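Asker: One structure, pasted below without further comment.
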Amino acid sequence: MKRRNFITASAATIPLLALGHKLPTPSTRTPKGFVVKANQSRFEKKTLINGSSPNNLKIASKDTDGVLSVFEYIGNEKGGPPLHIHPNQDEIFFIVSGDYLFQIGSERYQIQTGDTIFLPRNVPHTFSQISAKGKMIFFFQPSGKMEDFFRTIGNLTEQPKPEIAAKIFEEHEMKIVGPPLAY
């Protein structure tokens with residue numbers, strides 16, 4: 001590359017860097033389509049929440065260059081996570097079956113089979129499965145560290161003490177800000 005072209009190209013990137021934009025990096029995106037069968041997980045890795053509820057990864061962060069992760073949760077017990085915040089991610093839940101209570105900020109929504117709910121980043125939220133069984137598809141955009149979070153939670157053999165749970169959430173770019181919803 002000629003010196004003049006190098007200097008011009010380098011100078012052109014300065015405004016992007018100043019605005020906090022990342023320069024393009026080589027893609028790790030999956031180069032072709034794929035199918036993940038019902039009740040199966042991408043890469044055949046199973047994750048059980050509380051030892052009984054499969055949380056199957058359907059579309060992985062590495063499939064989308066970190067832009068999106070999609071999970072299928074099959075709830076075999078009532079309950080849900082503590083009130084928490086994702087500072088960097090939006091979430092979308094589609095209820096395949098069952099009844100759920102969601103809280104977003106101070107608003108509560110009872111939703112059921114066929115309903116969709118959007119949870120914006122930086123807003124405290126939680127949910128509780130209120131039916132004995134349930135199933136939902138949910139999305140994180142961008143992926144963040146959610147796949148690793150669910151692997152970590154799935155490897156627990158008992159409910160963690162509050163300080164351990166808070167640490168796990170923080171290690172995965174979330175913050176607990178309140179208790180789970182009563183059901």
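Asker: Would you indicate which of [x] 1.73; [y] 1.22; [z] 1.00 is the value of Cα Rg over 2.2 N^0.38 Å derived from the coordinates of this structure?
Answerer: Label of the calculated value: [y].
Asker: Find how much the distance from Ile164 to Ser27 grows on full extension, using 0.36 nm per residue of separation minus their present alpha carbon separation; answer in nm with one decimal. Don't jump to the answer; show the numbers that get you there.
Answerer: Numbers: separation 137, 0.36 × 137 = 49.32 nm, distance 3.51 nm.
That works out to 45.8 nm of additional length.
Asker: Using a Gaussian network model of the chain whose springs link C-alpha atoms within less than 10 Å, name the residue from Ser131, Ser61, Ser69 with the highest mean-square fluctuation.
Answerer: Of Ser131, Ser61, Ser69, the Gaussian network model singles out Ser131 as fluctuating most.
Asker: Now for a separate question. Could you tell me what percent of the accessible area of segment 33-89 is made up of carbon and sulfur, with a 1.4 Å probe and every protein chain present? Can you show the working numbers first?
Answerer: Numbers: 1500 of 2690 Å².
Taking all protein chains in place, segment 33-89 shows 56 percent carbon and sulfur surface.
Asker: What does the accessible area per residue of segment 57-164 come to in Å², with a 1.4 Å probe and no ligands, DNA or RNA counted? Could you put the intermediate results ahead of the total?
Answerer: Values: 5150 Å² over 108 residues.
Normalised by residue count, the accessible surface of segment 57-164 is 48 Å².
Asker: Determine which aspartates and glutamates satisfy two conditions relative to Lys135: a Cα distance under 13 Å, and not lying fewer than 8 residues away in the same chain.
Answerer: Result set, ordered by chain and number: Glu72, Glu77, Asp99, Asp115.
The values are calculated or read from the model by the stated rules, or taken from the named source; none is laboratory data. Keep in mind it's a predicted model, so treat the numbers as computed, not measured. Ligands, DNA and RNA are excluded from the accessible area calculation, which covers all protein heavy atoms including side chains. Shrake-Rupley method; radii C 1.70, N 1.55, O 1.52, S 1.80 Å.
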